[in-house]
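Since the structure comes first, as structure tokens, the remarks are kept for the end.
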Ligand SMILES: [Cu+2]
């Protein structure tokens, strides 16, 4: 079929077909991002996202935004420069978190019986919303990278704090002080994840005293900016139309 | 050309579905039955578990049991495995079917990793609280950084009752008693649902409009700017500011509700208390050792010298948790797992009491199907074909002493 011959007979029909296309593309995009992003995030963020006793104020805060700003940046590049849709980051993060929730609920809880209150995913939505809004209002990649990327890194810890704070209440256990999250990790036996694998509260930020979370968040925000640029370019490159023959022109 | 394109499209769609589902089906390792697949030398020459005791064979939900005993950190630790400088006392169970209510080495609570010394014996205890009904194989286990999990002997334990009755009460330092099993779960769901709803609302706002084809046409004909209306920008502003306000407000209210929080606790525990075994007065020299493949038996020629002041007899050879006993000297009464106990598996060519100052060369045979079942015989295929184990000697008063052996092993196939 060539482009000069139309497959539809009326404008109304064209609108309908176009709308059907919208849903198909949206659904496919959502599923594709869910799959790719989920695997990527599991391989890079992994245990930091799986377990509450890994959600510390240093490494989790640093790692999670850096490795999770990737797909939002790439999908934004495609949806904004091709369609002027400021949706990329939110769509990516919603897809990821749906996949994560299915996995945590069905497998971690349903199959292996870890309580959901030890293995829920991190909340990435506030940062994603701000990324999309900055792109919409600024219409600029640089601005989105700098302001949006910064906000993405900085909003991560406060955006998750209402969820994890109750688990950071201290408890005395057989003569040792620990948080409830530490106790969860100790109680709910993970044969394959011994305590020494846990990478928490490590790093060189100790000189900053007790306010390490903001310092980690700032560091993470700066790196997020760089990663944003990188993946935004990936997104642009992948959404080129050079791959398919364009006989409409 | 079109057919190829269609095929590629179809294949990539299938690949996509596979990767998608692969990620969603990930579950943390639940199986604890690696004991037989672990290389024989790992089990024979790293951690030697002995005097093990499982306090119960049947436990009701919410009841506790202990697994206790001692372990010797073998002095001839293999080169290929990292030294146990960072180790974690674990239990080998299929996921959290029990919760670990406590674990101790030498009387000290060990929720964190510890540093162990080669050649030392430690006493340990793990307190388990039953959570999920079923028949479970419960192993002692030591994770060694750079060495992996070293699984000790396992015993079947039955948990009865219903998991829905399980509770895990904990009293915090701020004075509340909570049930850690479902503590704060509503809060987790609430915030996730709220943020997800806000994200969806933002999606719906845009998805209401015609999306891909018309917008693509507009953008490629240079009219992209017209796609964003002032209302869109206003909506964006509201969502952006709203997000910041909600984050700030929820953080503030959380801090008010939970004024006392502490960072996660981590760190290595050093200087664990060792267990002093009675000084061994028996010296053992391995003259040679062979493993007879068809007979499933290990034969050792030992020269035993008694430097003590009472006559002794050899009663047990223990390797990788498998215990070969000479029933004339020692009978197990601890309920040790049957498959790991060869009650009459040890025969000594002359096991009459060895008098003080005397020295004797004897043929010792340890035979049992366990050699095959537990794949210990595989050690003849190891690059460094050695065996190691513990020998226990008893005197007439029941005093026991422990001697370790570590020597090359020659297989015979006829
Ligand atoms: Cu087992």
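Exactly one of these conditions fails for residue B:198: (1) at pLDDT 95 or above; (2) away from the ligand (no atom under 16 Å from the Cβ); (3) farther than 30 Å from residue A:83 by Cβ. Give me its number.
Unmet for residue B:198, out of (1) at pLDDT 95 or above; (2) away from the ligand (no atom under 16 Å from the Cβ); (3) farther than 30 Å from residue A:83 by Cβ: (3).
Residues B:217, B:228: which one is over 45 Å from the mean Cα position of the chain (by Cα), surrounded by 11 or more Cβ atoms within 10 Å (Cβ to Cβ) and more than 8 Å from every other protein chain (Cβ to nearest Cβ)?
B:217
Here is a check on your reading of the model: is residue A:116 farther than 30 Å from residue B:146 by Cβ and facing chain B (nearest Cβ under 7 Å)? Talk me through it step by step, then tell me what you get.
On the way: farther than 30 Å from residue B:146 by Cβ: yes; facing chain B (nearest Cβ under 7 Å): yes.
In short, yes.
Restricting to strands (runs of 3 or more DSSP E) lying wholly in segment B:109-161: which have 3 or more residues that are over 18 Å from the mean Cα position of the chain (by Cα)?
Passing ranges, in order: B:148-160.
Mind counting the residues in segment B:169-202 that are in contact (Cβ under 8 Å) with a residue 60 or more places away in the chain and in contact with a strand residue (DSSP E or B) (Cβ under 6 Å, 6 or more places away or on another chain)?
1
Any idea how many residues of segment B:133-188 are touching a helix residue (DSSP H, G or I) at 6+ places or on another chain (Cβ under 9 Å) and facing chain A (nearest Cβ under 8 Å)?
14
If you go through segment A:43-69, how many residues are away from chain B (no Cβ under 12 Å) and closer than 14 Å to residue A:156 by Cβ?
Step one: of segment A:43-69, the residues away from chain B (no Cβ under 12 Å) are A:44-45, A:62-69.
Pick out the ones that are also closer than 14 Å to residue A:156 by Cβ and you get A:45, A:62-69.
Final tally of qualifying residues: 9.
Grab the helices (runs of 4 or more DSSP H) fully contained in segment A:140-241, keeping just those with 3 or more residues being under 22 Å from the mean Cα position of the chain (by Cα).
Values: elements: A:149-164, A:180-187, A:212-238.
Result: A:149-164, A:212-238.
Tell me which strands (runs of 3 or more DSSP E) are completely within segment B:239-345 and hold 2 or more residues being crowded, with 20+ Cβ neighbours inside 10 Å and in contact with a strand residue (DSSP E or B) (Cβ under 6 Å, 6 or more places away or on another chain), or say none if there are none.
B:297-306, B:312-319, B:322-325
Evaluate the following for residue A:105: is it in contact with a strand residue (DSSP E or B) (Cβ under 9 Å, 6 or more places away or on another chain), surrounded by fewer than 22 Cβ atoms within 10 Å (Cβ to Cβ) and closer than 30 Å to residue B:133 by Cβ?
no
The values are calculated or read from the model by the stated rules, or taken from the named source; none is laboratory data. Keep in mind that this is a model prediction, so the values were computed, not measured. Neighbour counts run over all protein chains shown; Cβ positions are idealised from the backbone, glycine included.
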